[in-house]
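Working notes, beginning with the structure itself.
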Amino acid sequence: MSDITSHIREPFSIAGVCVANRLVQAPMAGITGRAFRLQARRFGAGLLCTEMVSSYGVTFGNGRTADMMTLTPAENPAVVQLFGNKPDVMAEAAVAAEAAGADIIDVNMGCPVRKVVKTGAGVALMEDEELAARIVAAIASAVAVPVTAKIRSGLRGRVTAPSLGRRLEEAGAAALAIHPRLAEQGRGGKVDHAVTNLLVKQLEIPVIASGGVQDPAGAAAVLAGGASAVMVGQAALGNPWLFADLLAGTEPHRRPLAEVLAEMGRFYTDLVVEHGKERAGRAMRKFYGWYLKPFKSGTGLTEALRRSGSFEEAAVMIREKYQLNY
């Protein structure tokens with residue numbers, strides 16, 4: 001293993017929060033609940049992150065919102081990511097997140113989804129650097145844990161990450177994560193880690209590179225550019241083994257179906273603990289396609305799994321399709 005490839009296994013720190021390695025699990029809306037976070041930790045992710053949590057939902061006392069940011073000791077160190085556009089509301093929500101076990105509070109400044117942007121949150125904050133900085137400053141003064149932000153390259157064709165990054169660092173941000181695509185690109189188009197490298201040169205705080213990393217060579221490339229850590233999200237959907245592959249420096253490869261099915265069962269068990277059996281069964285439906293993608297399951301099985309009432313039922317269908325021994 002080369003020095004730069006093994007670098008991902010080294011610890012790093014965010015304002016005193018020690019992370020065992022340089023592999024971070026990305027926040028993903030509707031996906032990165034506790035079961036997903038525990039799975040990422042089992043496969044080696046050093047830092048975990050909740051899905052984005054509404055600051056208004058927290059301050060209004062919404063029970064499901066509170067559950068989304070409640071962390072267990074097995075997940076630490078972990079980040080609670082908040083979204084919103086009011087400094088006082090964000091600060092109040094951050095206090096609650098800290099009480100719920102957050103080691104770090106992250107501000108979502110990168111979500112391009114219309115229903116988030118139209119409220120002035122997510123990537124919309126990149127258009128108002130003064131407001132973005134006030135939000136970070138308000139949170140930093142309200143909590144004892146570090147404050148970070150996740151941003152994009154910019155929006156409307158303009159790369160503004162370096163200038164915003166400087167403002168956020170001055171406001172008290174302890175680290176920044178960047179997904180180097182413009183807002184209008186969504187998840188499509190080229191990930192430009194030249195922007196990541198530029199941000200690294202502009203800042204004294206750690207920069208975490210998000211997007212496009214699918215193998216050890218990709219991770220080594222962004223770390224060689226000066227990023228302090230690598231954030232992995234979409235590439236790990238249905239493939240939690242990617243975390244272990246990146247840490248070991250081994251090329252990702254298809255696992256045997258029996259091993260994949262066993263991991264699906266363990267993931268489902270954690271979902272049941274998190275949500276109860278009925279809700280866990282529904283939640284599993286979105287994951288079947290990701291787990292079975294390497295096996296080309298076909299439209300018929302995919303649609304049947306999306307209608308399945310329970311994981312037990314789905315497992316029977318999968319075993320019959322691929323003639324696995326019970």
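Since every read-out is calculated from the coordinates, none of them should be taken as a lab result. What you are looking at is a predicted structure, and each value in this text was computed from that prediction instead of being measured. Every residue, glycine among them, receives a Cβ derived from its backbone with ideal geometry; neighbour counts consider all protein chains shown.
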Among GLY157, GLN214, PHE311 the positive-end extreme of the charge dipole of the chain (Cβ point charges): PHE311
Added length on full extension, which subtracts the Cα-Cα distance from 0.36 nm per residue, ARG166 to ALA29: 46.6 nm
In Hz, Karplus ³J(HN,Hα) per residue of the range 70-82 (6.51, -1.76, 1.60; θ = phi - 60°; x = Gly, Pro): 7, 10, 9, x, 5, 8, 6, x, 9, 10, 9, 9, 10
Loop-resident sites, the range 134-237, for GluC sites (Glu not before Pro), counting at most 13 other Cβ within 10 Å (DSSP): GLU204
Distance from the range 3-65 to the range 235-278 (C-alpha centre basis), Å: 16
FRET efficiency for THR119 and VAL316, using Cβ-Cβ distance with R0 set to 45 Å, rounded to 0.05: 0.55
Distance between modelled label sites at GLN323 and ARG254, nm, 7 Å Cα→Cβ extension: 1.6
The range 75-154: trypsin sites (Lys or Arg not before Pro) falling in loop per DSSP and having at most 15 other Cβ within 10 Å: LYS118
Chain lengthening between ARG42 and ALA244 when straightened (0.36 nm per residue, less Cα-Cα): 71.8 nm
29 Å Cα-Cα threshold exceeded, pairs from LYS115/LYS286; LYS286/LYS321; LYS86/LYS277: LYS86/LYS277
Candidates GLN202, GLN214, GLN81: whichever shows maximal mean-square fluctuation once the chain is modelled as a Gaussian network with Cα springs under 10 Å: GLN202
Karplus-derived 3J(HN,Hα), 6.51/-1.76/1.60, for each residue of the range 218-230, Hz, glycine and proline x: x, 5, 4, 5, 6, 5, 5, x, x, 4, 7, 7, 10
Cα-based shape type of the chain, given that a ≥ b ≥ c are square roots of the gyration tensor eigenvalues and the cut on a/c is 1.5: prolate
The range 11-119: chymotrypsin sites (Phe, Trp or Tyr not before Pro) in DSSP coil with no more than 13 other Cβ atoms inside 10 Å: PHE60
